[in-house]
Amino acid sequence: MYELHIANKNYSSWSLRPWVLMRALDIPFAETLVPFAGGAGASWDAFRAFSPTGKVPCLRDGDVTVWDSLAIAEYLAERHPGAWPAAAAARAWARCAAAEMHSGFPALRSVCTMNCGVRVRVDAPDAALRKDIARLGELWNEGLARFGGPFLAGTAFTAVDAFYAPVAFRIQSYGLVLDEASMAYAQRLLDLPAMCEWYAAALAESWRDPEHEDEARRAGVWLEDLRRSA
């Protein structure tokens, strides 16, 4: 059986991507969660026990180790149908969109760091964040219109949706506003059984990582903390 190493569900957007993909495709796996240690870089030693980069996620399949979220998606796609769309045009678009998320949207990542259990008001998003949000809406609308929805590359949830799943939590946490079609798509992601399972587990965590907490506090005014007490 696959073993997927992840970090805190409240914070780890990278961990969510392969986790939700495997859940959505009903791929059995054992989950090993190692919480972030306090302080910048402090998790490296703990994560190095299973990941050559000292980062998460990391997939173990017997003697094979796959240590990058996009590489994990591709590894799974070689072994399980449905990870990418079957149609060539949709598959090419989905791969491009997933890669764009994997390497892009720097302002969205840095300003609106994933913190599932809080609600923050971002009063004055800067130009870089507004640009990322605009591109996000443009991309989502393109996929939904071109391939007919309800998911980005067609009727089925695939890896491209998994790569944008953390964005749905960011929209919820920071009250980000997009166009109607994009907001509806984000809500569809939040309503998925696997996403609901992840969210409930995130709220139940009592761990707090100071670096992640400080990042979320810098984003704006904290309105609510829905998490279990530390």
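The values are calculated or read from the model by the stated rules, or taken from the named source; none is laboratory data. Model, not experiment: these values are computed from the prediction. Glycine gets a Cβ as well: all are built from the backbone with ideal geometry, and neighbour counts include every protein chain shown.
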Notebook entry, point to check: Any idea which of (1) surrounded by fewer than 21 Cβ atoms within 10 Å (Cβ to Cβ); (2) within 26 Å of Leu226 (Cβ to Cβ); (3) in contact with a Phe, Trp or Tyr (Cβ under 7 Å, 6 or more places away or on another chain) is the one Gln172 doesn't satisfy?
Noted result: (3)
Note to self: I'd like the residue in region 206-230 that is among the charged types (D, E, K, R) and in a strand (DSSP E or B) and, out of all such residues, is surrounded by the fewest Cβ atoms within 10 Å (Cβ to Cβ).
What the structure shows: Glu224
Item checked: Only listed residue being polar (S, T, N, Q), outside the structural domain of Glu74 (by TED's automatic domain parsing) and farther than 23 Å from Cys96 by Cβ, chosen from Thr155, Thr113 -> Thr113
Margin query: I'm trying to understand the selection: among the residues of region 1-58, which are among the acidic types (Asp, Glu) and either touching a strand residue (DSSP E or B) at 6+ places or on another chain (Cβ under 9 Å) or within 23 Å of Arg170 (Cβ to Cβ) (or both)?
Written below: Glu3, Glu31
Check: Is it true that Ser182 is free of Cβ contacts under 8 Å to residues at least 60 places away in the same chain, closer than 28 Å to Ala94 by Cα and polar (S, T, N, Q)?
Finding: yes
Margin query: Considering only region 152-165, I want to know if a residue exists there that is loosely packed, with under 14 Cβ neighbours inside 10 Å, free of Cβ contacts under 8 Å to residues at least 24 places away in the same chain, within 30 Å of Ala86 (Cα to Cα) and polar (S, T, N, Q).
Written below: yes
Next item on the list: Answer yes or no as to whether Leu139 is more than 16 Å from the chain's Cα centre (by Cα), assigned to a helix (DSSP H, G or I), assigned by TED's automatic domain parsing to the domain that holds Asp179 and within 21 Å of Glu74 (Cβ to Cβ).
Entry: yes
Check: Among the candidates Ala219, Ala194, which residue alone is modelled with pLDDT of 95 or more, in contact with a Ser or Thr (Cβ under 8 Å, 6 or more places away or on another chain) and aliphatic (A, V, I, L, M)?
Finding: Ala219
Margin query: Considering only region 100-111, I want to know if a residue exists there that is hydrophobic (A, V, I, L, M, F, W, C) and surrounded by fewer than 14 Cβ atoms within 10 Å (Cβ to Cβ).
Written below: no
